[in-house]
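Peer 1: For reference, the structure I am asking about is given below.
Bear in mind these aren't lab numbers, they're just calculated from the coordinates by the rules spelled out. Treat the numbers as computed from the prediction; the structure is a model and nothing was measured. Quick reminder, even Gly has a Cβ in these numbers, built from the backbone with ideal geometry, and neighbours come from all protein chains shown.
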Amino acid sequence: MRKMPIEIVTPERKVYENEANLIIARGGDGDIGIMAGHSPVVTTLKISALRVKTDGGDHTIAVSGGFLEVKPDKVTVLAESAELPEEIDVDRASRAKERAERRVKDSKSGDIDARRAELALSRALNRLEVAKIKTGR
Ligand code: ATP
């Protein structure tokens, strides 16, 4: 099977690099599945779990928004932040979740603080979900 190199980077670091058989991402316009030979495309990414199937197992990476670019020979993810399951500090994400829930409750729906709190809540919930997943299966 032909492979597709994938690289996931944030402004801080390179988070992940591998040769993928299949990449499944949640784009702004819906889920997208990418295999070698996919036509070039750029899409925004939702706060979500990005899945990569490789010969060495399936890997899941928590991504907090950003962009995914498919080029003929490579997939690049530029994420605002990204973590592998084993990098996620569950206590920190739980505290962020509680903080964000309080802020969502205390702010008027629709205002900018409510929107920020909703995004923070979404990042925390995504991290908690991804932290449950063991890689390399
Ligand atoms: P917090 O309020 O806990 O900082 P946040 O959602 O505001 O959470 P981000 O701004 O998305 O955090 O990320 C800032 C940096 O901290 C990034 O490098 C991100 O990978 C890292 N990070 C955030 N939360 C966690 C976590 N629970 N475990 C490990 N790294 C985290």
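Peer 1: Select, from R51, R99, R115, the only residue that is of a type in the set (K, R), away from the ligand (no atom under 16 Å from the Cβ) and surrounded by 13 or more Cβ atoms within 10 Å (Cβ to Cβ). Spell out the reasoning first.
Peer 2: On the way: R99 fails: away from the ligand (no atom under 16 Å from the Cβ); R115 fails: away from the ligand (no atom under 16 Å from the Cβ).
Among R51, R99, R115, only R51 is of a type in the set (K, R), away from the ligand (no atom under 16 Å from the Cβ) and surrounded by 13 or more Cβ atoms within 10 Å (Cβ to Cβ).
Peer 1: If we scan region 118-133, do we find a residue that is surrounded by fewer than 19 Cβ atoms within 10 Å (Cβ to Cβ), within 16 Å of the ligand (Cβ to nearest atom) and not in a helix (DSSP H, G or I)?
Peer 2: So far as region 118-133 goes, yes, one or more of its residues are surrounded by fewer than 19 Cβ atoms within 10 Å (Cβ to Cβ), within 16 Å of the ligand (Cβ to nearest atom) and not in a helix (DSSP H, G or I).
Peer 1: What number goes with the only condition from (1) buried (at least 20 other Cβ atoms within 10 Å of the Cβ); (2) part of a loop (DSSP other than H, G, I, E, B) that G110 does not pass?
Peer 2: (1)
Peer 1: Give the number of residues within region 79-90 that are near the ligand (Cβ under 8 Å from one of its atoms) and either part of a helix (DSSP H, G or I) or over 19 Å from the mean Cα position of the chain (by Cα) (or both).
Peer 2: Residues of region 79-90 near the ligand (Cβ under 8 Å from one of its atoms): 80-83, 87-90.
Narrowing further to those that are either part of a helix (DSSP H, G or I) or over 19 Å from the mean Cα position of the chain (by Cα) (or both): 87, 90.
Matching residues across region 79-90 total 2.
Peer 1: Mind telling me which of the residues P5, P11 ends up being in a strand (DSSP E or B) and surrounded by fewer than 17 Cβ atoms within 10 Å (Cβ to Cβ)?
Peer 2: None of the others qualify; the one that does is P5.
Peer 1: In this structure, is S39 hydroxyl-bearing (S, T, Y) and over 27 Å from A120 (Cβ atoms)? Give the derivation first.
Peer 2: On the way: hydroxyl-bearing (S, T, Y): yes; over 27 Å from A120 (Cβ atoms): yes.
Yes, satisfied.
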